[in-house]
1. Look at region 377-398 and say how many of its residues are closer than 19 Å to Glu587 by Cβ and at pLDDT below 95.
2. Please tell me if Asp633 is under 30 Å from Ile532 (Cα atoms), part of a loop (DSSP other than H, G, I, E, B) and acidic (Asp, Glu).
3. Under the condition of being closer than 30 Å to Gly84 by Cβ and of a type in the set (S, T, N, Q), which residue from region 148-174 is surrounded by the most Cβ atoms within 10 Å (Cβ to Cβ)?
4. Can you tell me how many residues within region 375-398 are within 19 Å of Asp633 (Cβ to Cβ) and either within 25 Å of the chain's Cα centre (by Cα) or assigned to a strand (DSSP E or B) (or both)?
5. Determine the pairs where a residue that is more than 23 Å from Glu469 (Cβ to Cβ), located within region 493-514, has a partner that is in a strand (DSSP E or B) and modelled with pLDDT under 95 with Cβ atoms under 8 Å apart, the partner being 6 or more residues away or on another chain.
6. Could you name every one of the strands (runs of 3 or more DSSP E) located completely within region 55-126 that has at least 1 residues being surrounded by fewer than 23 Cβ atoms within 10 Å (Cβ to Cβ) and among the hydrophobic types (A, V, I, L, M, F, W, C)?
7. What are the residue pairs meeting all of these: first residue in region 113-128, first residue farther than 17 Å from Ser47 by Cβ and in contact (Cβ under 8 Å) with a residue 40 or more places away in the chain, second residue crowded, with 19+ Cβ neighbours inside 10 Å and among the small types (Gly, Ala, Ser), Cβ atoms under 7 Å, and 6 or more apart or on different chains?
8. Output the strands (runs of 3 or more DSSP E) that fall wholly within region 456-555 and possess 2 or more residues being more than 21 Å from the chain's Cα centre (by Cα) and within 20 Å of Leu445 (Cβ to Cβ), or say none.
Amino acid sequence: MARAHMLGMTGIAVGATALAVLIGYAGGQLGRAPDQRITASEDTFASTSDPHSRAGAGAELMAGGMGGGAAVTFLKFTVKGLRGGKAPARAEVRLSRRAGELPRRIELTRVPATDWREGTLNARTAPQLGTVVASAAPGPHDGSVVFDVSRVIQREGTYAFAVTAPAGDGYASFWANEGVPPINSLVRPTLWLSWIGKVMPWGTSPPAIPTPAIPTPAIPSPSLPATGAPAADDASPSVDLPADDIDLDDVPAVPSLPGMPPLPSLPGVPTMPGMPTPPSMPALPSTPGLPVLPPLPGMPTVPATPTLPATPTVPGTPTLPASPTLPTAPTGAPASPVTPSPTPPSDPDPSCATDAKLVPSCGVLWGVAPGAHTDTPRGQALREFEQKTGRQQAIYHAYHRGQENFPTAEEIEIARDRVLFLNWKPQGATWAQIAKGHPATEAYLDKLAGRMKSSLTEPFFFTVHHEPENDVDPRAGSGLTATDYAAMVRHVLTGLRERGVSNLVSVMNYMAYVPWNTQPWFESLYPGDDVIDWIAFDAYAYSERGEYGFGDFAEMLNRRSSSQPSWPGFYDWAAERHPDKPLMLGEWGVWHHATNPGHRADFYGSVAKQMPLFPRIKAMVYFDTPADQRGRDSRVDRTQDGLTAYRDLGQQRTFQVRVRPAAGAARPTPSP
């Protein structure tokens, strides 16, 4: 009986296929094959919460936060036989939801390495993630997720991708190749190529030939083994910002992501991306669809990483003066530093290297602003930091203001084998005055450009007036409105480039503070994609249990507030507003608290586990200080276990990026 039932379903599917071919013939398309469907040749997922586990033989692909770590789906497609040897007009990667709800944002990232195998891949051997090439904002119960990869698929070859979701407490469950009944093969991970400019969804038919509906019976779910993950409640509390702390940098939020609308329900079989046909004839009547397959027996709910209430950080993260003025002695002695000789990353991935705009092809640049708010000479502070952390930093962050003469001789020496991140805050004029050509500032920019050209030949990061939000005066005529800021930054960056500073890589450096991020003028701060190369934001973690910012890395990157539910978190906001810009943590750190000294090590551990959830982050610069304006201590060696965890973090493969020098660049001697 069961065999007869299956044969009946197979006959229906074959009949549907035959009908589609007939319609293609009637539309004059037979033989042209306007679309091509390529099933993934390799598909699996890896979880940093279970780094030795292999899932290549499973029927499920997972992507998102689970068990305090990250699940990443890996896909590989082999493209050959392109129609007429031409690139497709449209290319889409399609995945079908298997069970549970979908996260509000899912991202597809190019993976440079294509030699991995699904049967041997786990979190320890997984290839490094490259550049995010597409994203989707599905509804929680959408049957499928579609990623537009038309810009990527341009020629024959092997293409690899990673699927991630930037949420510490939610993951997507998709169907893998394995375990899918042949009758239901269209739910497999698939690359759709079209040469007519649009990939037609399953159930959509060309106009003009009316055809009776084809009943398609529901297909029972196969019984699959459980993944073995324990169930947990994924709800997490949200705390409002108190009024007396309104000037701090960070605050939690629980918003819904603005942006891409949920994918519409497709006629016919909603769970299956389907068989395309040319758009020249009227649509067929809709067919009864296959329901979304229910959760399989034994499949547990994976515990969510809690989104903990956030703690605000200080408005205006400290800008270092020319001569340091805060030789603050820390409370409590730091751990005794270890003394290995600092070296560059010992095992950089040969495929992970920076380009002319300092964007790594894969991996994340690792950096520091050392000795902040101390009178320790910056070169000495850097050497001491590298010695105690056991590796050379890729980025050195230096702060300047007013008419200071920089880059200094010390910074030029540091830049011989590191990337400079120069941070300049203008003084002596309003933003509006500078934008209109303030004479004293113009004369200073002449000198600054000359010094940069004579002393720096490699690409370097440069930001103008970082964290401007708490300096905005929205009153008309103040000279300090958000639009004044954008005009000032545009004027300075354009002016330096017109003066011949061609290796400057511009950074827009925000303060990740929700009350500022949700101001009506916030979006007006941005100077424009044509002058900005990177987006940076500054965020800190807190160590006091139950208080603001006590959470993990995922909480810090997408900190939200119940008082501002429209704010999606900074990472999600930047991904939506500036999808083509690499992201940087311009400052980050963990504030010490005497009641929970172990949180520092725990937080560094969460960075290692959750980093794959945020593939747009391409650089992280630690802000190391014994005491900020409020006396808070972020030193990595504040505790011995914290130092050990940070040293281990810096040795992760993710942070082993080769900084590619400019071809034939000579090392100039700085003028005095």
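1. Here the count works out to 1.
2. No.
3. Ser150
4. 1
5. none
6. Details: elements: 60-66, 69-79, 90-99, 106-110.
Ranges flagged: 69-79, 90-99.
7. Ala113/Ala160; Thr114/Ala160
8. Here the list reads 460-464.
The values are calculated or read from the model by the stated rules, or taken from the named source; none is laboratory data. Here the structure is a predicted model, which is why all the values come from computation and not from measurement. Don't worry about glycine lacking a Cβ; one is built from the backbone with ideal geometry, like all the others, and counts go over all protein chains shown.
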